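All remarks here apply to the structure that follows.
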Amino acid sequence: MGIKYKITIVLVLSLSLLIVGCRADSSQQLNQQSIKSHIPVNNKAKPVIFIMIDSLMDKPLQDAIQEGRAPAMQYLLHQGQYFPHVVSSFPTMSVTIDSTLLTGTYADQHHVPGLVWYSDSRKRMIFYGNGAKEALKIDQLQVFLDAIYQLNQVHLNKKTKTIHEELADKGKESASINAIVFRGRTKHALKVPDFIANSSRVPEKMIVTGPKWLSYAALAQLNPKNSWNTPVWKKFGMNNEFSAKDTAFLISQKKLPDVTIAYFPENDNLAHRKGPTQLKGIEKADQALQTVLNAYGSWEEAVNSAIWIVMGDSAQSAVYDDRQAATVDLRSLLSHYRSAKLNQPVRSDDQIVIAANERMAYIYAINDNVELSDVVKSLQKENKLDIIAMKDGTNHIHVTKGKKGKLFSYRPGGKYMDEYGQSWTLSGEEDLVDITVNNNRIKYGKYPDILARLHGAMNSHEGRYVVVTVQPGYELVSESSPTHIGGGAHGSLHEKDSLVPLIISGTNTRPKTLRIVDIKDWILQLVNK
């Protein structure tokens, strides 16, 4: 392997790591501002500024506020509303969650199943990002193309409109700043870094569709002066400071559209490395938020001039610090099957494919002789496994757990109604999914909105597969998949991975339900009133 090729692989790896949360730290220190008196909300339609802070959680946010490390979020919280527990999507991985946010649907409609999945029609794994060990075995140029182009222009269901598309159809404008999912109606030419474009497999300019204002790290900036935030040691611009500067640029130039969606990525990496209780990531996100608020001249003017929405995408649960105890190796549980290898095309004699997404995984039966029920039985031998689910030919989803012989089955439609107005047909052991039923009313326990979220994943893409999650404290692994020993991880249906805080300021309204899947419709109502 030539030195030039080695350098190219290292740099492409750096780009691919952006999606999974290996973010650079921002060193900018911003002035903190004291809390103002309560500002009355005016009812005139105002632009919406939506800030997504990766892996923001209620308890560490409250701790950061208590210690005076998050004055901007404290200010917005005190001026408006705070909801500590909003339900995320599933799998609780950023790419699927962002697809849910933008489309207002779960994965059965938007068709983005996770960070890692297997395409039966393409006969290959899809990676929107990966860990360092995986990267040594994976075609990094394909990861780049999948994460930037294929995700938005091909994989995301064209029949499911994004918020950017709906706004454009109504004659309104929007912006996307460092968001992973950004599809819209306006064509943009993303500038591909020379070291990638020189590979001959990637064009110098990548044509995509997005909102009117599209910013994506080194590939596209709104503020011409923001390029100094895009060197390799700052993750090519996939950092809080870049996102804040481009958002502030729209405000200062009086170009702020009806809706702006900005992504602050750095907290995720710190939570993965240090664990879900760390506060440094929240402090750094708050400093970036201060940059945006300061663009108005004062925080009081900021709240009077715009509707502010600040929230997390998913939570993280702590992973035990003993590698042997904390990890569940799916390959060993399924060792009697021939598993497809990461660094090889799928072979005719391969029987299963394992796609691990931290604390959840898809296990595909790609050989007709492999029965999903047999895969489930093999998985049941491990008591650390939490939810094990498969779908039959009648659209019923069957759920069991590790070391349990019980079974719970359900399908959409029926006499049982949940707290979100969704109806279901249920049978079997309801305690497996921690729901209680009283007078045909369903109440969720430690797996919020599990019936709809799991149904979304089970119907998100083609193929025969089992969905499996692991109990808190543990992480699923397969060939070279990344781990977060002693840190934090997400992916599962459990509330520890699934509940995120929401701050609303500048309006006294709220989403129809406290779920990310209902955020899109609420934002559209805010700007269309």
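The values are calculated or read from the model by the stated rules, or taken from the named source; none is laboratory data. Keep in mind it's a predicted model, so treat the numbers as computed, not measured. When we count neighbours, we look across all protein chains shown, and the Cβ atoms used for this are built from the backbone with ideal geometry, even at glycine. For the accessible areas, the whole protein counts, side chains as well, though only heavy atoms, and no ligand, DNA or RNA atoms are used. Shrake-Rupley method; radii C 1.70, N 1.55, O 1.52, S 1.80 Å.
Measuring nothing but how far apart in sequence close Cα pairs (under 8 Å, 6+ apart) lie, relative to its length, the range 62-157 scores a relative contact order of 19 percent.
Under the convention that each Lys and Arg Cβ holds +1 and each Asp and Glu Cβ holds -1, the size of the dipole of the chain around its Cα centre is about 900 debye. For the range 188-282, the relative contact order comes to 17 percent (Cα pairs under 8 Å, sequence separation of at least 6).
In the chain, helical runs assigned H by DSSP with n ≥ 4 each contribute -39500 (n - 2.57); averaged across all residues and rounded to the nearest 500, the mean residue ellipticity at 222 nm is -8000 deg cm²/dmol. For the range 391-518, a Kirkwood radius taken over Cα pairs fed into Stokes-Einstein (25 °C, viscosity 0.890 mPa s) yields D = 147 µm²/s. Normalised by the number of residues in the chain, the mean separation of alpha-carbon contacts (under 8 Å, six or more apart) gives a relative contact order of 26 percent. Checking every one of the trypsin sites (Lys or Arg not before Pro) in the range 369-408 against DSSP loop status and a limit of 12 other Cβ atoms within 10 Å picks out Lys381, Lys403, Lys406. Using only Cα positions of the chain, each an equal point scatterer, no hydration layer, compute I(q)/I(0) via Debye at q = 0.10, 0.12 Å⁻¹ and quote the log10 values to two decimals. Log10 I(q)/I(0), no solvent term: -0.76, -1.12. Think of the chain as having a plus end and a minus end, set by charges on the Cβ of Lys, Arg, Asp and Glu; of Leu151, Ser199, Trp228, Ser199 sits farthest toward the positive end of this dipole.
Using a probe of 1.4 angstrom and keeping all protein chains present, the accessible surface of the range 315-394 works out to 46 square angstrom per residue.
Positive-end ranking of Pro511, Pro211, Tyr420 along the dipole of the chain, with charges on Cβ about the Cα centre, is headed by Pro211.
Each residue of the range 344-357 is assigned a 3J(HN,Hα), and the resulting list reads 9, x, 4, 9, 5, 9, 5, 10, 9, 10, 10, 10, 8, 10 Hz, derived from the Karplus form 6.51 cos²θ - 1.76 cosθ + 1.60 (θ = phi - 60°), x at Gly and Pro. A straight chain from Ser199 to Asp169 at 0.36 nm per residue would run longer than the Cα-Cα distance by 7.1 nm. For Ile126, the amide hydrogen comes within under 5 Å of the amide hydrogens of Trp117, Tyr118, Ser119, counting only partners 5 or more places away or on other chains and with H modelled in the peptide plane.
If I compute solvent accessible area with a 1.4 Å probe over the protein chains, what percent of it on the range 160-314 is carbon and sulfur? In the range 160-314, the share of accessible area belonging to carbon and sulfur is 49 percent. Rounded to the nearest 20 debye, the dipole magnitude of the range 434-524 is 420 debye, with +1 charges on Lys and Arg beta carbons, -1 on Asp and Glu beta carbons, and the Cα centre as origin.
Could you tell me which of rounded, prolate or oblate describes the range 58-199, using a ≥ b ≥ c as the square roots of the eigenvalues of the alpha-carbon gyration tensor, with rounded for a/c under 1.5 and, failing that, prolate when a/b is larger than b/c and oblate otherwise? Prolate is the answer for the range 58-199, as a/c is 1.5 or above and a/b outweighs b/c. Which of the listed residues, Thr291, Leu476, Leu56, is farthest toward the dipole's positive end in the chain, when Lys, Arg count +1 and Asp, Glu count -1 at the beta-carbon? Ranked along the dipole, the leading option is Thr291.
A 1.4 Å probe, protein heavy atoms only, puts the accessible area of Arg464 near 90 Å².
Counted by Cβ distance under 15 Å from Ser348, the other residues give a net charge of +1, where Lys and Arg count +1 and Asp and Glu count -1. Using DSSP H assignments, which helices in the chain have an axial alpha-carbon span of 15 Å or above and a mean Kyte-Doolittle hydropathy of -1.0 or higher? Passing helices, by number: 3-20, 240-252, 280-294. Rolled with a 1.4 Å probe across the full set of protein chains, the surface gives Ser305 an accessible area near 30 Å². Separation of the alpha carbons by more than 18 angstrom is noted, of Lys205/Lys235; Lys384/Lys443; Lys381/Lys404; Lys137/Lys234, for Lys205/Lys235; Lys384/Lys443; Lys137/Lys234.
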